[in-house]
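For reference, the structure is listed below as structure tokens.
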């Protein structure tokens, strides 16, 4: 076997990496994310091959990092830590075609986080594809992983009249962005809760609510006031969707869908169109979120409505049964126990 760290052997390998990096620079590889990820994968693949075939140890990575940073002082990304991530990335994704089609479409930082927190290659692939589709930031990606959204059933399309009331391009986009059901299991509501309680709880968990709604929703207001004629009204929740370029009115209901809900929503959508909508905005959309709905009743209710409205259901968590409420500690009690345990540990270790 060749001497793994002979001067000629190492020099030849280092030169090949330098040539590849310079070639990537010519193609603006490091300015274009796809080329950068492919470059990192290729470097990781080369390191793996050399370690397997020629017996190179892990110390060679430290040497590579030092030499590459010396020869490319204006470029970041060639630290020993990042080279190890390149090797891990190539090891976790041996299929170069899949890397090009999927993983090169998301930033390197996203790929690193996927390597850090997910061991299952199928899950990494699923979250990478969802990141591409939904434009998740790195923090949103991590939140989605923490919530295990890959385990949740895929939502179906909500009942809407979008095909008839919106232009074709807008209709397709709106239909794809509104799902059924919405999962609000992060909320706990008593059995006798009212619609206003649901709204307050969602506002308390606005981050989780926005994540469940999907990418692009920007919060405008709760109980948003509008005046029509001489009367004042309030919209449960008002959003603006950055991709649809329109206002979205949301009406929250704890009970089942009723036909009169569509009339009220039609009124609110018309008012927002007249009072808030900018000439460049697309038509306002209404969303009625309720506990359950009869598809036939919902379809009949929307049939002759001339404003774009959708009806979707939601899933809610509930309070613990009364016979269990006194047996489990509250959040405050758990925090007190944690603080007490940390204080005892610090005293025993001599920190206090």
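Things to note:
- Candidate set from the range 299-315 (those that are in a helix (DSSP H, G or I) and in contact with a helix residue (DSSP H, G or I) (Cβ under 8 Å, 6 or more places away or on another chain)); member that is nearest to residue 158 (Cα to Cα): 302
- The listed residues are 172, 95, and the only one of them that is assigned by TED's automatic domain parsing to the domain that holds residue 36 and without any contact (Cβ under 8 Å) to a residue 12 or more places away in the chain turns out to be 95.
- Top-ranked residue in the range 279-295 [being free of Cβ contacts under 8 Å to residues at least 60 places away in the same chain and assigned to a loop (DSSP other than H, G, I, E, B); ranked as nearest to residue 197 (Cα to Cα)]: 291
- Summed over the range 24-73, residues that are part of a loop (DSSP other than H, G, I, E, B), out of contact with any helix residue (DSSP H, G or I) (no Cβ under 9 Å at 6 or more places or on another chain) and at pLDDT 80 or above total 1.
- Test: residue in the range 257-278 that is assigned to a loop (DSSP other than H, G, I, E, B) and either crowded, with 24+ Cβ neighbours inside 10 Å or not assigned by TED's automatic domain parsing to the domain that holds residue 184 (or both): no
- Where a residue in the range 201-217 is within 15 Å of residue 131 (Cα to Cα) and its partner, wherever it lies, is in a loop (DSSP other than H, G, I, E, B) and modelled with pLDDT under 75, with Cβ under 7 Å and at least six apart: 215/135
- Check on residue 125, within 20 Å of the chain's Cα centre (by Cα), over 18 Å from residue 37 (Cα atoms) and surrounded by 16 or more Cβ atoms within 10 Å (Cβ to Cβ): no
The values are calculated or read from the model by the stated rules, or taken from the named source; none is laboratory data. The structure displayed is predicted, hence computed values, not measured ones. Every residue, glycine among them, receives a Cβ derived from its backbone with ideal geometry; neighbour counts consider all protein chains shown.
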